[in-house]
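The values are calculated or read from the model by the stated rules, or taken from the named source; none is laboratory data. Note that this is a predicted model, so its numbers are computed, not measured. Cβ placement follows ideal geometry from the backbone for every residue including glycine, while neighbour counts extend to all protein chains displayed.
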Amino acid sequence: MKSSAKLLPKHKRQFSRLGERLKLARLRRGLSAELVAARAGISRQSLTRMEAGEPNVTFSNLFQVMQVLGLGDDIDKLATDDEMGRKLQDLDLKTPKRGPRRRKSE
């Protein structure tokens, strides 16, 4: 049996909100869970777990469901604003060169 990913409460809430958004998108389109699951090539139970915000969803299943819902291009928005990475790049942090070795004095 697979063990559940260990997540902080904040991250669990993020998964839950993502699941809610996927379910709302499906309902707005008037699509049943069975139809979306079939078109995505996954089981209805997998879709139900995804919409419930369970973290053990594969990335490929998430992408397939988003494609079925017409949200596939939203994948390109993930991690687009890497503010921390840009700051580090701007600082041009490099490993300092090591100074010359000291000789042991006798």
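Values as computed for the structure displayed
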{"item": "Some residue of region 78-86 being of a type in the set (Gly, Ala, Ser), out of contact with any strand residue (DSSP E or B) (no Cβ under 6 Å at 6 or more places or on another chain), within 23 Å of Leu8 (Cα to Cα) and at pLDDT 90 or above", "result": "no"}
{"item": "Count - residues of region 6-43 that are more than 14 Å from the chain's Cα centre (by Cα) and not in a helix (DSSP H, G or I)", "result": "9"}
{"item": "Cross-chain or 6+ apart pairs with Cβ under 9 Å, region 30-45 first and closer than 9 Å to Val68 by Cβ, then in a loop (DSSP other than H, G, I, E, B) and among the charged types (D, E, K, R)", "result": "Val36/Arg29"}
{"item": "Residues that are over 21 Å from Pro9 (Cα atoms) and surrounded by fewer than 17 Cβ atoms within 10 Å (Cβ to Cβ), drawn from region 34-56", "result": "Glu34, Leu35, Ala38, Arg39, Gly41, Ser43, Arg44, Gln45"}
{"item": "When residues of region 60-100 are limited to those that are among the basic types (Lys, Arg) and part of a helix (DSSP H, G or I), the one farthest from Arg26 (Cα to Cα)", "result": "Lys87"}
{"item": "Residue within region 2-9 that is surrounded by 11 or more Cβ atoms within 10 Å (Cβ to Cβ) and under 20 Å from Ile75 (Cα atoms) present", "result": "no"}
{"item": "Flag for Val57 being under 30 Å from Glu34 (Cβ atoms) and assigned to a loop (DSSP other than H, G, I, E, B)", "result": "yes"}
